[in-house]
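Just so you know, all these numbers are worked out from the coordinates, no wet-lab data involved. Not measured: the values here are computed from a predicted model. Cβ sites come from the backbone with ideal geometry, for glycine too, and all protein chains shown count toward neighbours.
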Amino acid sequence: MSGKSSSQTSGAKPQFVRQRITLTGLVAIMAVSTDLYLPAIPQLIEDLGANISEGQMTLSIFLAGFAIGQLFYGAISDRYGRKPVLYIGLGIYLAATIGCTIANNIEVLLASRFVQGLGGASGPVLARAMVVDTHHRLDAARIMASIAGTMALVPALAPIVGSWLLYFAGWRSHFVVLLVLSLVIIGGVTRLEESCKTIGTAKFRPGNILSQFPLCFANRCFTGFTLCGGAAYAAMFCYISTSSFLITGMLGLAPEFFGYTFMVVVLGFLSGAMASSRLVNRIGVLRVLGIGQLVALSASALLLLMLLFEVRSLVPLLLAFFLVFMAGGFSLAVSQMGAISEFPRAAGSASSVFGFVQIAFASALGYVVGLYYDNSLLPTATGVIVAALISAMGYMLIRKAPVSRDQAENLA
C-alpha cells in the first residue's frame, strides 16, 4: 500500500514540474517577446531605414495586439475550454513570428508584431485562468507570485542572450529563437490537463465582450487591483521601451553589455516576486500590495532627485529602476489574482479585462514616453512617477472598498 502511494507521489512530482514549467512559459511569452530583442532596436532601425519612434513602436504595437487579444481568449475559453483556445492563440503567434523573421521593411515588421501580440495574448490570460480554476485565492496568488519569480529569470537572461545574438548573428536571429521557444511551449501545452469547469455552459457572444468591462469595474476591489497591476507594469514598460536608448545612447555603454545592465534591473523584479510569494500567506494580499506601493514611491522619489540634480550616471539609474521592478514584483501577481478571484465563475473573462487594461495602459504610456524621448531621463522618469501615483490611487480604492468576511480574511 505504501509502495503504491510512493510510486504515485514520485510520478506526480515530474508531472507537477512539467506543468509549472509550461505555465511559466505561457506567462513569460510576453516578456521574452519584448526583452530578447531590446538590444537590437538601434540596429533594426538602421537596417530597415526606420526612426527611433518607429523602433519603439515595435514594442508598443506588440503590446497593443496583446491587449486586444486578451479581450477574446478568456471569454472564449470559458465556453470551449482552455487548451483548444491556447492552441489557436499559439498557432497565430507562431505564424506571426515567421513574418517578423522575414520582414524586409518596418511596415511588415510592425504588422507582424501586432499579430504576434494577438496570438501571444492567449498565454498569460489562460495560464492565470487555469491557476484560478484549480486553486483558492491565496494559493492562486502564491502560485502566480512563484511563477512570476521563476519567470523573472527569463527577462533577466533574455537581453544578455539577445546582446550576444546581435553581436554574432544580427537582429533577425532573435525572432528565430522566439520561433523555437513557441514550438517548445506548444509541446508543453499538449501535456496539460483541461481545467475549465464551464465548458459547454458558459455563453460566448462577441457582442458581450465590451459588457465585461462595466460588470468588472462595478466591483471596487477589481478596479483597485487592476489599477495597481496595470500601473506597476506600465512603470516597468517605461524603462523597457527606452532602456536601450538610455544605456547605449544617453550613457554610451557598448550594446553587447546592455543585457547585463538589464539583468540587474530585472533582479529587482525577481526579489520582489519571491518576497511576495513568501509573504502573501503570512500577512495577506493587501499588506503585500502596500509594500509594493512604498517601493514604487521610493523609486519615484529617487528619479525625481536625479532629474532635479541632473544626474546622468549608471549606478543611480540602475538603482532607481531596480526599485521600479521590485515594486512590480510585489504588486503584479497579487493584483492579478486579487482581481480575477473576485469573479471565480468567470475567471477567463475577468482575466481578459484585467489583462487588457494592464497591457493597454503600458502600451499607451510606453508609446508616449518613446515619442517624447529626447536623449534624457525626463520622459521615462515622468512616466514612472505618473504610473506610481495611479497605482497608489488603486491601492487606496481597495482599502476603502466594502468587502465580505471571506474577502477580508484573504486580503488583510
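Which of Q212, Q293, Q336 ends up with the largest GNM mean-square fluctuation for the chain, with Cα atoms connected below 10 Å?
Checking each option, the largest mean-square fluctuation is seen for Q212.
Near L109, within a Cβ-to-Cβ distance under 15 Å, what is the net charge of the other residues, with Lys and Arg +1 and Asp and Glu -1?
-2
Between A50, A299, A231, which gets the highest mean-square fluctuation from a Gaussian network model of the chain, Cα cutoff 10 Å?
Judging by the Gaussian network model, the answer is A50.
Anything in the chain that counts as a DSSP H helix reaching 27 Å or more along its axis (C-alpha) with Kyte-Doolittle mean of at least 1.6? List them, would you?
Answer set is 285-308, 314-340.
Explain nothing, just the number: dipole magnitude of segment 291-412 about its Cα centre with +1 on each Lys and Arg Cβ and -1 on each Asp and Glu Cβ, in debye rounded to the nearest 20.
Values: 5 positive and 5 negative charges, 35 e Å.
Dipole magnitude for segment 291-412 comes out near 160 debye.
Would you mind ranking V132, V32 by Cβ crowding within 10 Å, fewest neighbours first?
V32, V132
Send over the Kirkwood Rh of segment 152-307, from the inverse of the averaged 1/r over different Cα pairs, rounded to one decimal Å.
That comes to 19.6 Å for segment 152-307.
Gap in Å between the Cα centre of segment 68-142 and the Cα centre of segment 292-336?
29
Toward the positive end of the charge dipole of the chain, about the Cα centre and with charges on Cβ (Lys, Arg +1; Asp, Glu -1), which of A388, A95, L210 goes farthest?
Among A388, A95, L210, the one farthest towards the positive end of the dipole of the chain is L210.
Which ordering of V125, V108, V368, V27 is given by a fewest-first count of other beta-carbon atoms within 10 Å? Spell out each step's value before the answer.
Working: V125 34, V108 14, V368 17, V27 24.
So the ranking, lowest neighbour count to highest, is V108, V368, V27, V125.
Which percent of the Cα-Cα distances in the chain go past 32 Å?
Distances greater than 32 Å cover 31 percent of the Cα pairs.
Where in segment 146-197 are there trypsin sites (Lys or Arg not before Pro) that are in a DSSP coil and have at most 14 other Cβ atoms within 10 angstrom of their Cβ?
R191, K197
Quick one: Debye curve from the C-alpha atoms of segment 253-412, no solvent, what's log10 I(q)/I(0) at q = 0.15, 0.16, 0.19, 0.20 Å⁻¹?
For segment 253-412, the Cα-only Debye profile gives -0.89, -0.99, -1.29, -1.39.
Exposure proxy check: W171, W164 ranked by fewest other beta carbons within 10 Å?
Ascending Cβ contact count within 10 Å gives the list W164, W171.
Could you bin all the Cα-Cα distances of segment 29-166 into 10 Å bins starting at 0 and give me the percent of pairs in each, rounded to whole numbers?
Spelled out bin by bin, segment 29-166 gives 12, 36, 34, 15, 3, 0 percent.
Can you tell me which of A232, A362, A346 moves the most in a GNM of the chain? Springs connect C-alpha atoms under 10 Å apart.
Of A232, A362, A346, the most mobile in the Gaussian network model is A346.
In a shell of Cβ-Cβ distance under 15 Å around S376, excluding S376 itself, what net charge do Lys and Arg (+1) and Asp and Glu (-1) give?
-1
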